[in-house]
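Taken together, the values in this text are just the output of simple stated rules run on the coordinates, not laboratory data. As the structure is a prediction and not an experimental result, all values here were calculated from the model. Positions of Cβ are backbone-derived with ideal geometry, glycine not excepted, and every protein chain shown enters the neighbour counts.
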Amino acid sequence: MKFSLLVFFFLGFSLHPNPVDPSDSENLGSWDIKNGIFIDNSDEETSIARYNWNVFYNMFPKRITQKYIKRLVLITDGEDEKTGALGSLNEDNTEWQLVLDPIDVDFTSKDDSRISQSIYTLVHEFGHLLTLNNTQIKPRPESKINQDSNEPYVTLEGVTNKKSYLNKFVNEFWDDGLLEEWDFIQKTYCYTEQKSCLEKLYGLYKDNYTTFLTDYAAESPEEDIAESWTAFVLGEGKIKNPKTVADKKINFFYQFDELVYYRKIIKKNIRKYQY
């Protein structure tokens, strides 16, 4: 069985199931990051950008952020719309940019729900970094346009390594039937009209609601693993008697000692921001 490769922009998390589209957002500035160090420039929003970067840098394992994040971009499309994204800056997935909306990601807020949303967004985006970097995915040959059954999962960024987090996740939780239905939605609706695409993806979620932790997770395996990672990090712990596939997705990460360690670090680091 073969599925066509998704050619759609699903890199960002938002409270609504919409990808971050720079065309309908105001660009507030861009800043270079070198070995984890924020590089000042003359953009008006430099101070808030520096603050947001310091939060991100101090929240997650520094070895990973130093290695991969090379740029921070601030955009805005208003309150509670598109909150952030993570995108590769090169074809070999060794350099990445973090995109945030400072209206939504606001750690200076006195509103605990805003702080919780801000933490959620950053954890989600770090999940993308963990699952899409060059140790997990290799560049896709130009001839590789189909997703072949029993072969490593193919993403927009490339072909997953057989032992990568994402490939193992897809093999365990996205059987051919679900992947085929999702791919049909992409080919039939998502290449042309976003509204119909999102409606169909929400329908996929409703038809499989015990499989996904959120409706946003049904947008792609990449978003599914990022949402599941976020629940793994922010949740209370391993679910002893998982009753649904969604529960099993949270427990999936406990098989990786390094991810359990990262979870411990992140949970410790976010305490300073929680009320």
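Could you please rank Phe38, Phe184, placing first whichever residue has the fewest other Cβ atoms within 10 Å of its Cβ? Before the final figure, lay out each step's value.
On the way: Phe38 19, Phe184 14.
By the 10 Å Cβ count, ascending: Phe184, Phe38.
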Highest-MSF residue in the chain out of Gln97, Gln66, Gln136 [GNM, Cα springs under 10 Å]:
Gln66
Residue-ordered couplings for the stretch 171-188, obtained by feeding phi - 60° into the Karplus form 6.51 cos²θ - 1.76 cosθ + 1.60 and rounding to whole Hz (Gly and Pro as x), are 4, 7, 10, 10, 6, 4, x, 5, 5, 5, 5, 4, 5, 4, 4, 4, 5, 8
Interchain or long-range residues, amide H under 5 Å from Ile137's placed H
Asn161
Using Cβ contacts closer than 10 Å as the measure, can you line up Phe107, Phe56 from fewest to most?
Phe107, Phe56
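Neighbouring Cβ atoms within 10 Å as the yardstick, rank Thr230, Thr65, Thr188 fewest first.
Details: Thr230 24, Thr65 21, Thr188 12.
Placing the least packed residue first, the sequence is Thr188, Thr65, Thr230.
Once R0 is set to 22 Å, what does the formula 1/(1 + (r/R0)^6) return for the Cβ-Cβ distance between Lys110 and Ser47, expressed as a FRET efficiency to the nearest 0.05?
Working: r = 19 Å, r/R0 = 0.87.
So, using R0 = 22 Å, E works out to roughly 0.70.
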Give me the angle, in degrees from 0 to 90, between the Cα long axis of helix 194-207 and the longest principal axis of the Cα atoms of the chain, rounded to the nearest 10.
70 degrees
Please list, by residue number, every one of the GluC sites (Glu not before Pro) in the stretch 112-209 that is coil in DSSP and has at most 10 other beta-carbon atoms within 10 Å.
Glu142, Glu193
Long-range amide H partners of Gln147, meaning residues 5 or more apart or on another chain whose placed amide H is closer than 5 Å, are Phe3, Ser4, Leu5
Quick one: if you stick a label point 7 Å off each Cα along the C-beta vector at Lys187 and Glu79, how many nm between them?
4.4 nm
Using label points projected 7 Å from each Cα along Cα→Cβ, tell me how many nm separate Ser196 and Asp148, to one decimal.
3.2 nm
Given (i) 28, 21, 19; (ii) 34, 23, 17; (iii) 35, 19, 17, the label whose value is semi-axes √(5λ) of the Cα gyration tensor in Å derived from this model
(i)
For a quick check: with amide H placed at 1.01 Å from N, whose amide H comes under 5 Å from Arg71's, ignoring anything fewer than 5 positions away on the same chain?
Ile33, Trp96, Leu98
